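Novice: Right, I'll just put the structure down here and ask away after.
The values are calculated or read from the model by the stated rules, or taken from the named source; none is laboratory data. What you see is a predicted model, and the numbers here were worked out from it, not measured in a lab. Positions of Cβ are generated from backbone atoms using ideal geometry, with glycine treated the same way; all protein chains shown enter the neighbour counts.
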Amino acid sequence: MKLMEGKRGVIFGVSNTHGIAYGIAKQLFEAGAEIAFTYAGEVMEKRVRPIAEGMNAKVIMSCDVTKEEEVKAVFAELEKVYGKIDFVVHAVAFANREDLTGEFINTSKAGWDLAMGVSAYSLVSLARNAKPIMNEGGSILALTYLGGEKVVANYNIMGVAKAALESSARYLAENLGKCGVRVNCISAGAVKTLAASGIDGFGKMLKAAVLKAPLKRNVTLEDVGKTGLYLLSDLSSGVTGEIIHVDCGCHCVYASSEEMELVTK
């Protein structure tokens with residue numbers, strides 16, 4: 001019997017085969033899970049539908065996570081098709097491109113509200129609407145990044161939004177724990193994805209991560225996907241309210257020997 005056989009859930013945020021959400025979806029599907037997919041608008045549907053159909057999805061729906069009625073519609077359909085579900089993956093984030101360059105101090109109020117709404121509050125909305133149809137032992141997983149804990153050049157408002165996401169996950173873990181539902185985050189290292197390409201200087205970020213990381217490489221989609229599988233399966237039945245770093249150890253190093261060597265030169 002496969003690890004996720006008989007488990008059903010939904011992923012918000014798959015956009016292509018190069019993203020972290022896809023890496024998690026692939027691991028879940030290969031482990032036997034039934035996965036529903038959402039997409040944001042017609043343009044994204046062209047990318048997401050082939051992926052979803054390739055994983056035999058029974059539910060493929062449009063959903064703007066900032067619109068409560070659309071979130072409600074997704075979970076109503078999931079209840080209709082599955083009855084109960086076992087997991088929810090939140091892989092949704094957005095900020096204006098101009099807010100991902102220059103200095104954080106120049107973030108506009110509109111840019112702040114947009115990034116916070118899409119990237120952080122949406123987790124609260126998804127969890128609230130998922131709660132009535134989540135099986136005991138279910139799991140909610142959100143994707144974050146080290147920029148929510150430390151300053152990362154040009155990550156700016158997204159770093160603050162990720163900090164809000166992580167704190168929200170802890171509060172949700174407390175709220176949903178009494179229902180037997182766990183809430184965790186994966187803090188993935190820098191991965192060359194379509195979303196990451198919007199961050200100014202991302203190529204340098206990838207190179208810097210290799211210098212700092214104890215494993216001396218960048219994290220892969222498979223690395224993150226396998227950790228996602230762990231957190232969404234019964235293997236992590238006693239884990240909730242956690243931020244699991246999957247970044248080849250980058251988060252634990254202040255200055256590597258390689259970086260120190262560069263400084264001395």
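Novice: Within the stretch 146-190, how many residues turn out to be part of a strand (DSSP E or B), within 13 Å of the chain's Cα centre (by Cα) and within 11 Å of GLY241 (Cβ to Cβ)?
Specialist: 3
Novice: Does the stretch 29-39 contain at least one residue that is out of contact with any helix residue (DSSP H, G or I) (no Cβ under 9 Å at 6 or more places or on another chain) and either small (Gly, Ala, Ser) or at positive phi (or both)?
Specialist: Yes, because at least one residue in the stretch 29-39 is out of contact with any helix residue (DSSP H, G or I) (no Cβ under 9 Å at 6 or more places or on another chain) and either small (Gly, Ala, Ser) or at positive phi (or both).
Novice: I need a count of the residues in the stretch 9-37 that are under 21 Å from GLY137 (Cα atoms), surrounded by fewer than 21 Cβ atoms within 10 Å (Cβ to Cβ) and in contact with a Leu (Cβ under 9 Å, 6 or more places away or on another chain).
Specialist: Final tally of qualifying residues: 3.
Novice: Just the residues that are farther than 15 Å from GLY6 by Cβ and either at pLDDT below 95 or hydrophobic (A, V, I, L, M, F, W, C) (or both), please, taken from the stretch 22-35.
Specialist: ILE24, ALA25
Novice: Can you tell me which residue within the stretch 123-145, out of those that are in contact with a His (Cβ under 9 Å, 6 or more places away or on another chain) and either assigned to a strand (DSSP E or B) or without any contact (Cβ under 8 Å) to a residue 60 or more places away in the chain (or both), is surrounded by the fewest Cβ atoms within 10 Å (Cβ to Cβ)?
Specialist: Residue satisfying both the conditions and the ranking: ALA127.
Novice: I'd like to verify a number: residues in the stretch 72-121 that are within 27 Å of ILE157 (Cβ to Cβ), β-branched (Val, Ile, Thr) and assigned to a helix (DSSP H, G or I), how many?
Specialist: Here is the first cut: in the stretch 72-121, the residues within 27 Å of ILE157 (Cβ to Cβ) are 74, 88-121.
Okay, now just the ones that are also β-branched (Val, Ile, Thr), so 74, 88-89, 92, 101, 105, 107, 118.
Remaining after also requiring assigned to a helix (DSSP H, G or I): 74, 105, 118.
Result for the stretch 72-121: 3.
Novice: Quick check on ALA153: is it free of Cβ contacts under 8 Å to residues at least 24 places away in the same chain and closer than 30 Å to LYS204 by Cα?
Specialist: Against the criterion (free of Cβ contacts under 8 Å to residues at least 24 places away in the same chain and closer than 30 Å to LYS204 by Cα), ALA153 does not qualify.
Novice: Restricting to the stretch 52-71, give me the number of residues that are free of Cβ contacts under 8 Å to residues at least 40 places away in the same chain and not in a strand (DSSP E or B).
Specialist: Residues in the stretch 52-71 being free of Cβ contacts under 8 Å to residues at least 40 places away in the same chain and not in a strand (DSSP E or B): 11 in total.
Novice: I need every pair where a residue in the stretch 211-225 that is over 21 Å from THR17 (Cα atoms) and at pLDDT below 90 has its Cβ under 7 Å from the Cβ of a residue that is of a type in the set (S, T, N, Q) and part of a loop (DSSP other than H, G, I, E, B), sequence separation at least 6 or different chains.
Specialist: LEU211/SER256; LYS212/SER256
Novice: Might you check whether a residue that is within 14 Å of the chain's Cα centre (by Cα), aliphatic (A, V, I, L, M) and closer than 23 Å to SER139 by Cα occurs anywhere in the stretch 43-63?
Specialist: no
Novice: Of all residues in the stretch 23-35, which are over 15 Å from VAL92 (Cα atoms) and either out of contact with any Lys or Arg (no Cβ under 9 Å at 6 or more places or on another chain) or not β-branched (Val, Ile, Thr) (or both)?
Specialist: Once the filter is applied, which keeps residues that are over 15 Å from VAL92 (Cα atoms) and either out of contact with any Lys or Arg (no Cβ under 9 Å at 6 or more places or on another chain) or not β-branched (Val, Ile, Thr) (or both), the stretch 23-35 yields LYS26, GLN27, LEU28, PHE29, GLU30, ALA31, GLY32, ALA33, GLU34.
Novice: Evaluate the following for GLY41: is it of a type in the set (Gly, Ala, Ser), surrounded by fewer than 16 Cβ atoms within 10 Å (Cβ to Cβ), free of Cβ contacts under 8 Å to residues at least 60 places away in the same chain and farther than 21 Å from VAL71 by Cα?
Specialist: Against the criterion (of a type in the set (Gly, Ala, Ser), surrounded by fewer than 16 Cβ atoms within 10 Å (Cβ to Cβ), free of Cβ contacts under 8 Å to residues at least 60 places away in the same chain and farther than 21 Å from VAL71 by Cα), GLY41 does not qualify.
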